[in-house]
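Engineer: Can you read through this structure? Questions will come right after.
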Amino acid sequence: MLKLEDVHKAFGKNQILKGVDIEVNKGDVIVILGPSGSGKTTLLRSINFLEKADKGKLTLDDREMDMHHSSRKDISYVRKNTAFVFQNYCLFNNKTVLQNVTEGLIVARKVPKKEAVETAISALKKVGLEDKLDMYPAQLSGGMQQRVGIARAIAVNPKVILFDEPTSALDPELVGEVLSIIKRLAKEGTTMIVVTHEMSFAEDVANKVIFMSDGVVVEQGSPKEIFYKPKEERTKQFLKRILPVSDYVI
Amino acid sequence: MRFKLSTFFEYLVKLLPYLKVTFTYAGLSLVFGIVFGFLFAVFKLGKSRILRGIANVYTAIFRSVPPVVLLFLVYYGIPMAAEAITGKSMGRKEPILFVIITVTLLATASLTEIMRSAYKSVDKGQYEAGVSIGLTEIQTFFRIVFPQALLYALPSLGNLVIYLIKEGSLGFTIGLVDIFGKANTLNQNTYSNHILEIYIALATIYWVVAIATEKLLKYAEQKVKRELGRA
Ligand SMILES: Nc1ncnc2c1ncn2[C@@H]1O[C@H](COP(=O)(O)OP(=O)(O)O)[C@@H](O)[C@H]1O
Ligand SMILES: [Mg+2]
């Protein structure tokens, strides 16, 4: 459904992505792991054209696109069929919770207001915030803000949702509420790519784990394969570092 | 010499109509300044090195030249340049024209900076969230970024208006009859016999205008804040 081929991206002389291939099928929950600076964020941003890749092919459903020479129509098509959940939420601070969620429906997709509000409320119910409709982002905890971010993403019914470390900016006690919502979405069959270091999440819901390092996909497989039987030395090293008292890698 | 309250009020009433002139140059300069300031702010924030350079040089110059020097340069320089180019003399009959040009040049420099920092005050993530959910760049700018930038800029805008009104009073040096010019004329006509009443009346008007501007901007700020739910 979503396919990336040979994605390259440099910032100045700094080659960040060095030919990444990823394939996502409908219903896939893909977790991307990798050390900080390995290009995970850049990869997700390139999918959504928040960064313009230097090279690469993106296929979404039947539409093939050159990621470097993309037309405005390509960009708009991809953005209307994907959604991004940001590490630091990035809610619209001048909009209420409800407006944050209806914006993409009413303004970008021309959904009639009444219908948009209904859709938004049902999305907000899924994240447990239907009683906060008229609040502003500044009045909410980080966990709630990220839940609004998730509602904003699911309301537009995207083909795939891109999560970039959705819990890493949260206080530890707020991680659980956000993670359990994403888990539930995953179990309901939402297609998603999640960059995260939450291993239990990956083990629980991912059907594919991709380990990235230095701008390339080093290894990919089921969570069991990656966590219990990693083949590559770099993967082993990484897992050892993030799981110091490891009961995964033997 | 004694200060007479009735004389003070007499001059207050005489000066007030000339506030129109003051408002004219301040208002027009503000409008032109917003247009050009927006342009330069776009240059400063943009990718083109040349345009960025032009905008930087502009703000650096016009924020460091004393307003009165700038006024003289405009007043003497522009007709000379115009004559050199067209071969015809344009004269200097309308002092307000030169005051508007000068104050616009000053306002543009300040507004460039005000708009640039207001834009920067809204974190880039909100813009990215807007386009990533499918809004166009223009929709994102006007629906998300602009309202927040405006709120950020309002206090500096208020200060700028007061500054423009005060700097424009320099127009008397080239014969502009605004409230300050009129006050000078009245003072000369009465051989400085009513100097205190005249200039206190003048200061009172400036003071009231400044307070009113401040109050108006505070009101606007509260209104925008309420729209943003931050009151
Ligand atoms: N806009 C940018 N300009 C320059 N360098 C960048 C930019 N964005 C990211 N980088 C660099 O790219 C590298 C990879 O970043 P990123 O994709 O955020 O990695 P990750 O998400 O895996 O931690 C980092 O070294 C970062 O400094
Ligand atoms: Mg990252």
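The values are calculated or read from the model by the stated rules, or taken from the named source; none is laboratory data. What you are looking at is a predicted structure, and each value in this text was computed from that prediction instead of being measured. Here Cβ is always computed from backbone atoms with ideal geometry, including for glycine, and neighbour counts include all displayed protein chains. The accessibility values were calculated without ligands, DNA or RNA, using every heavy atom of the protein model including side chains. Shrake-Rupley method; radii C 1.70, N 1.55, O 1.52, S 1.80 Å.
Engineer: Once you put a point 7 Å from the Cα of A:D6 and another 7 Å from the Cα of B:K14, both along the Cβ direction, what distance in nm separates them?
Structural biologist: The two pseudo-label positions are separated by 8.6 nm.
Engineer: If you don't mind, there's one more thing I want to ask. Using only Cα atoms, locate the centre of the stretch A:142-163 and the centre of the stretch A:67-125, then give the distance between them in Å, rounded to an integer.
Structural biologist: First find each Cα centre; the distance between them is then 9 Å.
Engineer: Which order do you get for B:K88, A:K126 if you rank them by accessible area with a 1.4 Å probe, largest at the top?
Structural biologist: Final ranking, largest accessible area leading: B:K88, A:K126.
Engineer: Now for a separate question. Mind giving me the nanometre distance, one decimal, between the label points for A:D214 and A:H197, set 7 Å out from Cα along Cα→Cβ?
Structural biologist: Result: 2.1 nm between the two label points.
Engineer: So, one more: Take the Cβ-Cβ distance between B:N193 and B:R49 as r, set R0 to 56 Å, and report the resulting FRET efficiency rounded to the nearest 0.05.
Structural biologist: For B:N193 and B:R49, the calculated efficiency is 0.35.
Engineer: Sort A:R147, B:R63, B:R52 from largest to smallest accessible area, using a 1.4 Å probe on the heavy atoms of the protein chains.
Structural biologist: B:R63, B:R52, A:R147
Engineer: Residues of the stretch B:5-227: accessible area per residue at 1.4 Å, in Å²?
Structural biologist: 54 Å²
Engineer: Can I ask one more? Strictly over 18 Å apart at the Cα level, which of A:K183/B:K124; B:K44/B:K120; A:K40/A:K240 would you flag in this model?
Structural biologist: Correct reply: A:K183/B:K124; A:K40/A:K240.
Engineer: Could you state how much accessible area A:Y77 has, in square angstrom rounded to the nearest 10, with a 1.4 Å probe and all protein chains kept in place?
Structural biologist: 60 Å²
Engineer: To the nearest 0.05, how large is the calculated FRET efficiency for B:E227 and B:L39 if R₀ is 45 Å and r is the Cβ-Cβ distance?
Structural biologist: 0.95
Engineer: Need one value: the accessible area of B:L151 in square angstrom, 1.4 angstrom probe, rounded to the nearest 10.
Structural biologist: Its heavy atoms expose roughly 20 Å² to the probe.
Engineer: Find how many whole Å separate the alpha carbon centroid of the stretch B:6-41 from the alpha carbon centroid of the stretch A:200-236.
Structural biologist: Using only Cα atoms, the two centres lie 68 Å from each other.
Engineer: Could you check the spin-label model distance between B:K124 and B:T136? Points 7 Å from the Cα along Cα→Cβ, value in nm.
Structural biologist: Distance between label points: 2.4 nm.
Engineer: Moving on to the next point. Could you order B:M90, B:M80, B:M115 so the one with the most accessible surface comes first? Probe is 1.4 Å.
Structural biologist: Order by accessible area, largest first: B:M80, B:M90, B:M115.
Engineer: Apply 1/(1 + (r/R0)^6) to the Cβ-Cβ distance of B:L216 and A:L133, taking R0 = 56 Å, and write down the FRET efficiency to the nearest 0.05.
Structural biologist: Numbers: r = 33 Å, r/R0 = 0.59.
Approximately 0.95, to the nearest 0.05.
Engineer: Note down the net charge around A:R147, summing +1 for each Lys or Arg and -1 for each Asp or Glu among other residues with Cβ under 15 Å from its Cβ.
Structural biologist: +1
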